[in-house]
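The values are calculated or read from the model by the stated rules, or taken from the named source; none is laboratory data. Note that this is a predicted model, so its numbers are computed, not measured. Here the Cβ positions follow ideal geometry from the backbone for every residue, glycine too, while neighbour counts run over all protein chains shown. Note: areas computed on protein heavy atoms with side chains; ligands, DNA, RNA excluded. Shrake-Rupley method; radii C 1.70, N 1.55, O 1.52, S 1.80 Å.
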Amino acid sequence: MTLRSIGYIELPPHRSAGGFDHADVHSRTDRLYVAHTANDSIDVIDCAQDRYVESITSLTAVAGALVSEIRNLVFTTNRGENTVSVFAPGHERDAFKVAVGVKPNGVAFDSDRNLLVVANVGDPAISDSYTASVVNVGRKERIAEIKVPGRTRWATYSPALETFFINIASPSQIVAIDARDPTKVSNEYPVPAEGPHGLELDQATGRLFCACDAGILFAIDAKSGRVLGDVSLSGAPDVIFLNPRTGHLYVAIGEPGVLDVIDIATMRRKEVVATEAGAHTLALDRKRGEIYAFLPQSHRAAIFVDSA
């Protein structure tokens, strides 16, 4: 057994439909931030004690959280109000917001340049609304709006290549934006399956991991776009996280409600762990090797530890 269950954390009940979405962990403060979309809030968990701490409210239809350890910042995408929020851990009430494109979702950050790229889901009824917004965090302003080929999913950033990558659901591809000239799409990589969704980067090998709605995970060379391997998943995935220490990639699959554990060295599925129907998102505490799966029906976080 790779993942061992070690308990649950009760989270606030949902006030509406929507459940949970993307999450991230700030290691220095042991604070986990998870989008509680149903409550227009970010729920905060203390990873050291595995307990719920508080909720940060007034984030309409919040879709995700991203942490920058280097800059000591947390970013949230607020899909219902077309903004991103920025705050420092422990100073959540001092957050500021910046207007971005239509329905912001995925987000990636270049800590050297203090640039945030926001992948906007867009609206088919609004022309040219499939975009990526570029925010200068220091200046607290949006400095560019980049048209992309279709509805966006998640995003990531490669410091080595100085490049942002964004999944596009349709047409199936990954688009690249050069951080040195963040005004246009610099490259497009076709993905040979329907619905690129979860996206993660292995900085050690320069591989992108792209989890697709078709139930396939691809390893893709971030520099060339060449597909290096693939593995079947238990269903349509959403959030994925890589643990560089173990070489395991964790894939949240809402239906039937499982976590797939992928060995990235062999590109084989090592284990399938039951969570709960609809549990499509997770977080990774890299310091402790703990995985948090967010359970929408019981509004809890299930905690697992990787025994590798």
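One table, with the values for the structure above:
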| quantity | calculated |
| --- | --- |
| Listed pairs Lys103/Lys140; Lys147/Lys223; Lys184/Lys223; Lys97/Lys147; Lys223/Lys287; Lys184/Lys287 exceeding 27 Å between Cα atoms | Lys223/Lys287; Lys184/Lys287 |
| Student exercise, the range 169-308 dipole from Lys, Arg, Asp, Glu Cβ charges, in Debye to nearest 20 | 400 debye |
| Mean Cβ neighbour count within 10 Å, used as a protection proxy, ranking 263-271, 24-32, 116-124 highest first | 116-124, 24-32, 263-271 |
| Global form of the range 165-308, assessed from the alpha-carbon gyration tensor, a/c cut-off 1.5 | prolate |
| Chain lengthening between Arg28 and Asp128 when straightened (0.36 nm per residue, less Cα-Cα) | 32.0 nm |
| Potential lengthening between Asn72 and Arg113 on full extension [0.36 nm per residue; Cα-Cα distance subtracted] | 13.3 nm |
| At most 15 other Cβ within 10 Å, DSSP loop - trypsin sites (Lys or Arg not before Pro), the range 149-210 | Arg180, Lys184 |
| Accessible surface of Tyr8 - all protein chains present, 1.4 Å probe, nearest 10 Å² | 120 Å² |
| Apportionment of accessible area to carbon and sulfur, the chain, percent (1.4 Å) | 47 percent |
| Rounded FRET efficiency, nearest 0.05, which uses the C-beta distance separating Glu10 from Arg286 and R0 of 30 Å | 0.80 |
| Positive-pole candidate from Tyr52, Ser16, Ile6, dipole of the range 1-107, charges at beta carbon | Ser16 |
| Charge tally in the Cβ shell below 13 Å around Arg300, where Lys, Arg are +1 and Asp, Glu are -1, Arg300 excluded | -3 |
| Shape of the chain, Cα gyration tensor, a/c cut at 1.5 | rounded |
| Dipole magnitude of the chain, debye to nearest 20 (Cβ charges: Lys/Arg +1, Asp/Glu -1, about Cα centre) | 380 debye |
| Total charge dipole magnitude, the range 1-140, about the Cα centre, Cβ charges on Lys, Arg, Asp, Glu only, Debye to nearest 20 | 220 debye |
